[in-house]
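The values are calculated or read from the model by the stated rules, or taken from the named source; none is laboratory data. Just so you know, these numbers come straight off a predicted model, no measurement behind them. For neighbour counting, all protein chains shown are included, and Cβ atoms are generated from backbone atoms with ideal geometry for every residue, glycine included. Protein only, heavy atoms only, side chains kept; ligands, DNA and RNA dropped before computing areas. Shrake-Rupley method; radii C 1.70, N 1.55, O 1.52, S 1.80 Å.
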Amino acid sequence: MSAPDLAALVGSRLCHDLVSPLGAIGNGVELLKMLHEGSDELALIEQAVAAAQARVRLYRLAFGAAHPGQEAKAEDLAEALQALSLNGRLTVECGLRGPLPRVQAKRLALAALCLETALPWGGTAQVTGQRVSARAARMKLDPDLWEALATGTPPEAPAAATVHFALLAEGGAVEVTRDDGGIAISL
């Protein structure tokens, strides 16, 4: 029996514990909207709660525990990936079908976070069962992070903002391809 991935278990626990309070805040906002129709302030709070809930779903898939034999619904992964679209800069299209192994869903979520890092000015991303690709007029690519993915060797001292690169590399090398205006990660 292998040792548990404590960091992934902590990620799962944090996401699990945040779901209920965010849901309660969302419900409270809905009630307030009934009393104060057309409130711009409540609309901002509602958007913030929706964005937080979406990010928690994505982080639960990307950073939570994933054991062999577990499955994830393609719809759940597609819904979680829409968290990347909420700021309006990035558009995500999912071509996922049927259930996926949970480990594969985790790696796809991590790969999508890597692409989000590469597209701070926006772009479009496509996700299929084995590949995440993106196109943008302008990208920000840290060669060390992308090399880590290609070799399957996590960076020695990953930053919190780029830990998803280390976690994806830790799971094994991926194929990174790049052309004019595009980049892809194939698992």
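Just the accessible area per residue of region 76-187, please: how many Å² with a 1.4 Å probe? Please report the intermediate quantities before stating the final value.
On the way: 5370 Å² over 112 residues.
Solvent-accessible surface per residue comes out at 48 Å².
From the phi of every residue in region 170-177, what ³J(HN,Hα) in whole Hz does the Karplus formula 6.51 cos²θ - 1.76 cosθ + 1.60 yield, where θ is phi - 60° and glycine or proline is x?
Residue by residue, region 170-177 yields 4, x, x, 4, 10, 8, 10, 10 Hz.
Using the Cβ atoms and a cut-off under 13 Å, what net charge is assigned to the surroundings of Gly122, where Lys and Arg are +1 and Asp and Glu are -1?
Numbers: positive: Arg89, Arg135, Arg138, Lys140; negative: Glu116.
Here the count lands on +3.
List every residue whose amide H lies under 5 Å from the amide H of Cys94, counting only residues 5 or more places away in sequence or on a different chain, with H placed 1.01 Å from N in the peptide plane.
The list, which skips near neighbours in sequence, is Val127.
Does anyone have the angle between helix 102-118 and the longest principal axis of the chain? Alpha-carbon axes, 0 to 90°, nearest 10?
90
For Lys73, which lysines qualify as cross-link partners when the Cα separation must be under 16 Å and same-chain residues fewer than eight apart are set aside?
Lys106
Can you give the helix-only mean residue ellipticity at 222 nm for the chain, where every DSSP H stretch with n ≥ 4 adds -39500 (n - 2.57) and the sum goes over all residues, rounded to the nearest 500 deg cm²/dmol? List each step's numbers first, then the result.
Values: 6 runs with 96 residues, N = 187.
Calculated from helices alone, the mean residue ellipticity at 222 nm is -17000 deg cm²/dmol.
Any chance you could get the radius of gyration and Dmax over the Cα atoms of region 29-72, in Å?
Over region 29-72's Cα set, Rg and Dmax evaluate to 16.1, 48 Å.
If you line up the long axis of helix 40-63 against the longest principal axis of the chain, both from Cα atoms, how many degrees apart are they, to the nearest 10?
Roughly 30 degrees between the two axes.
Mind putting together the pair-distance distribution for the chain? All Cα pairs, 10 Å bins, whole percent per bin, short to long.
Reading upward from the zero bin: 9, 34, 35, 16, 5, 1.
So what is the relative contact order for region 1-146, in percent, with contacts set as C-alpha pairs under 8 Å and at least six apart?
Numbers: 190 pairs, mean separation 29.2, N = 146.
Once divided by the residue count of region 1-146, the mean separation gives 20 percent.
What part of the accessible area of the chain, given as a whole %, is carbon or sulfur when the probe is 1.4 angstrom?
Values: 6040 of 10570 Å².
For the chain, the apolar C and S fraction of the accessible surface comes to 57 percent.
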